[in-house]
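To start, the structure under review is shown below, and the notes come after it.
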Amino acid sequence: MLAKKPIPFLDLVLSISEATDLVDKELNNHNKRVAFTSLNIADSLGLSNNFKYNLIIAGLLHDIGSFSLKERHEILSYDYRPKHSTNNHSYIGYILLKDFDPLTEIASIIKYHHHSWEDIEELELPETVKLSAQIIHIADRIDVLIDKSKDVLTQVGDICHIIKKDSRVKYKPDIAKEIVKLKNKEFFWLDAISQPEISTFVDKLGYLPLDFDMDIIDKFANMFSHIIDFRSPFTATHSSGVTATAEFLAKAMDFSDNEAFMMKIAGYLHDLGKLAVPVEILDKSASLNTNEFRIVRSHTYYTYRILENITNLEIINSWAAFHHETLDGNGYPFHLNGSELSLGAKIMAVADIFAAITEDRPYRKGMNKRESLKILKTMVKNNKIDSNIVTRLIENFNEISEARESAENRATKEYKEYRSIFEE
Ligand SMILES: [Fe+2]
Ligand SMILES: [Fe+2]
Ligand SMILES: [Fe+2]
């Protein structure tokens, strides 16, 4: 039987942060660099370790609400200003994180990370939120101003000139002043273009990384699944349906309670790599061209590589990331075969297919019992998926369908609430 092991909070945050940067090669570690530059600014301003810790987390997650390539590119222009007060990535990031207890303050910081100083100076907000949002704002704009193809130290003068010019309007004057003071400190600018190992700096702050207990892991993974799914109406309820199915099948296959719980977490995270797929492709109901198809297929590779960095998540990862592998070894991306795949991975593969073919999508109804079982049985016959698992699914068909549907209905409700911010 598998034992419960704590999962470090920072590992989880880093994994979402990396995942959201994958959508565009140009961004390559943008979140991490902003977190690092923010930390250096906070250091220079003499702020407390607790403040810095929150700032790093907020920096790592600041662009989490930016789903489309189009918006990602808009943000790269120095003068970017959200066109809409709620339909923009800062606000979306705030909505996605705000109800998750350990991140409520971080959510507010993210909400204001593109506000100019003029806009937030008078707002009734905790000073720490205003200050953090402004530090991230300026660190983010510095990252955009640096031309990565040229030597950074040759650009410092120009960048400081721009920051100084925009002080008071865009930036809180004392932060802008601090940046100008850093003009001759080479380390600050070299750090700003580095590939920082964030955990080293968090360790230095002397904080024990907050380890999550099972209840919080559950909430976190659920929140994470919404970040993955809510990017497109076509995927809005998918992870919820897969999770309910996988958890049920695990119990039906005699997994212990703890193992069934781990299966639930794996279900929430199984399509994590879809964060690397541009929303423009996810939103296509028409058939994809070869290249787009390749990009979509790469999602399980990214799920695996991202979850790989999380301590104590190895087994959950191996159940989550191999859901497009098949028993005959012709699946992807690792081409593992039946003897190499664990029972958990085989369950996830069945759950993923079952949820995908039975769920309603905006452009089609889900399949009924007869149609869906026909597909699953054909796949068993072709040595794609495990026959025992499909037998258990057939034996428990009604209960599983009910569990899947009610999980999807819950997700639909949450998705609608989330979408309503675009109509405000
Ligand atoms: Fe942003
Ligand atoms: Fe998938
Ligand atoms: Fe999936």
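Summary of computed values
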{"item": "Å² of accessible area per residue within the range 46-118, as computed with a 1.4 Å probe and no ligands counted", "result": "38"}
{"item": "Surface share of carbon and sulfur [accessible, 1.4 angstrom probe, percent] for the range 42-179", "result": "49"}
{"item": "Proximal lysines to Lys185, defined as alpha-carbon separation beneath 16 angstrom and excluding residues fewer than eight positions away on the same chain", "result": "Lys177"}
{"item": "Relative contact order (%) - criterion: Cα under 8 Å, at least six apart; region: the chain", "result": "17"}
{"item": "Farthest positive-ward along the chain dipole, Cα basis, beta-carbon charges - from Asn291, Ile41, Thr104", "result": "Asn291"}
{"item": "Selected from Phe255, Ile228, Ile281, residue furthest toward positive end of dipole (the range 219-345; charges at beta carbon)", "result": "Ile281"}
{"item": "Radius ratio Rg over Rh of the range 1-96, counting only Cα atoms, Kirkwood formula for Rh", "result": "1.04"}
{"item": "Segment Ser342-Ser256, extension gain: residue separation times 0.36 nm, minus the distance between their alpha carbons", "result": "29.4 nm"}
{"item": "Three-way shape label, the range 227-324, alpha-carbon gyration tensor, a/c 1.5", "result": "prolate"}
{"item": "Highest-MSF residue in the chain out of Glu124, Glu259, Glu186 [GNM, Cα springs under 10 Å]", "result": "Glu124"}
{"item": "Under 19 Å from Lys181, Cα to Cα: aspartates and glutamates that are on another chain or at least 8 residues apart", "result": "Asp43, Asp140, Asp143, Asp158, Asp166, Asp191"}
{"item": "Per residue, in Å², the accessible surface of the range 256-380 once ligands and nucleic acids are set aside, probe 1.4 Å", "result": "43"}
{"item": "In order through the range 346-359: 3J(HN,Hα) via Karplus (6.51 cos²θ - 1.76 cosθ + 1.60), integer Hz, x for Gly, Pro", "result": "5, 5, 4, 4, 5, 4, 5, 5, 4, 5, 5, 7, 9, 6"}
{"item": "With every protein chain in place, the range 259-331: carbon and sulfur % of accessible area (1.4 Å)", "result": "50"}
{"item": "Relative contact order, percent, the range 192-295 [alpha-carbon distance under 8 Å, six or more residues apart]", "result": "26"}
{"item": "Net dipole in debye of the chain [+1 Lys, Arg Cβ; -1 Asp, Glu Cβ; about Cα centre; nearest 20]", "result": "880"}
{"item": "Kirkwood Rh in Å, taken over all unlike Cα pairs in the chain", "result": "22.7"}
{"item": "Under-5 Å amide H pairs with Ile7, H placed in peptide plane, nonlocal only", "result": "Phe212"}
{"item": "Within the chain, helix-based [θ] at 222 nm, where runs of 4 or more DSSP H residues each add -39,500 (n - 2.57), nearest 500", "result": "-18500 deg cm²/dmol"}
{"item": "Listed peptides 174-184, 285-295, 130-140 by packing density, highest first (mean Cβ within 10 Å)", "result": "130-140, 174-184, 285-295"}
{"item": "Restraint check, Lys170/Lys204; Lys111/Lys365; Lys83/Lys170; Lys98/Lys284; Lys111/Lys284; Lys251/Lys284, Cα-Cα greater than 25 Å", "result": "Lys170/Lys204; Lys111/Lys365; Lys98/Lys284; Lys111/Lys284; Lys251/Lys284"}
{"item": "Of Ile315, Ile16, Ile57, the one that fluctuates the most in a GNM where the chain has Cα springs shorter than 10 Å", "result": "Ile315"}
{"item": "Normalised alpha carbon radius of gyration of the range 294-352 [divisor 2.2 N^0.38 Å]", "result": "1.04"}
{"item": "Choice from Lys52, Lys164, Lys381 showing the highest fluctuation, given a GNM over the chain with Cα pairs closer than 10 Å", "result": "Lys381"}
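The values are calculated or read from the model by the stated rules, or taken from the named source; none is laboratory data. Not measured: the values here are computed from a predicted model. Glycine also receives a Cβ, built like all others from the backbone with ideal geometry; neighbour counts cover every protein chain displayed. Just so you know, the surface numbers come from the protein's heavy atoms only, side chains and all, with ligands and any DNA or RNA stripped out. Shrake-Rupley method; radii C 1.70, N 1.55, O 1.52, S 1.80 Å.
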